[in-house]
Amino acid sequence: MEFDVELSGPEGAVIRVSGRLNMVSAPKLRDLVTHIVHGDGRSHLVVDLAGTDFVDSSGLGALIAGLKTARSAGGDLRIARAGTQVTMVLELTGLDRILQSHDSVEECFQ
């Protein structure tokens, strides 16, 4: 699992996730989001999942925790470019209503 962070404007950041978002990598994503929001003061986050081929319940938990962290700081967390497996898991759990996947990173910032 790899994370790449790209800053976007004064309050935004894009986190590009590649690999499997599971019980091993989910705590790293939580820590990264916390650092970006509280350490860097950026509360408008996009998690780009184009490179993520698998997500489990721990990964979903990390995304929801990130959403709560961003919203508590007055921002938001959105996801972009989720693949087939990620989209299916979001739909099966009903989380697609909370974490809607956008077609592009740019769309998330609109």
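Miscellaneous remarks
- Under-5 Å amide H pairs with PHE54, H placed in peptide plane, nonlocal only: LEU21
- With contacts taken as Cα pairs under 8 Å at a separation of at least 6 residues, the range 61-110 carries a relative contact order of 36 percent.
- Length-normalised contact order of the chain in % [C-alpha pairs under 8 Å, at least 6 apart]: 25
- Per-residue ellipticity at 222 nm from helix content only, as computed over the chain with -39500 (n - 2.57) for each DSSP H run of at least four residues, stands at -10500 deg cm²/dmol.
- Separation of alpha-carbon centers, the range 21-58 and the range 81-110, rounded to whole Å: 14
- Dipole in debye (nearest 20) - the range 2-108, about Cα centre, beta carbon charges: Lys, Arg +1; Asp, Glu -1: 360
- Reported label for calculated percent of Cα pairs over 23 Å apart given [x] 62; [y] 16; [z] 55: [y]
- Most mobile of LEU92, LEU32, LEU45 in a GNM of the chain (Cα contacts under 10 Å): LEU92
- Against the main long axis of the alpha-carbon atoms of the chain, helix 84-93 sits at an angle near 90°.
- Residue-wise HN-Hα couplings along the range 18-27, as the Karplus relation 6.51 cos²θ - 1.76 cosθ + 1.60 with θ = phi - 60° gives them from phi, are 10, x, 9, 9, 9, 5, 7, 8, 4, x Hz; Gly and Pro carry x.
- GNM flexibility winner over the chain from VAL55, VAL24, VAL37 (Cα, springs under 10 Å): VAL24
- Close amide H pairs (under 5 Å, H built 1.01 Å from N) link ASP76 with HIS44, LEU45, residues at least 5 positions away or on another chain.
- Antiparallel bridge percentage (DSSP; both residues within the range 2-108; nearest 5): 30
No lab work stands behind these numbers, since they all come straight from the coordinates. Just so we're clear, the structure is a prediction, and the values are computed from it rather than from any experiment. Please note: Cβ atoms are built from the backbone with ideal geometry, for glycine as well, and neighbour counts cover all protein chains shown.
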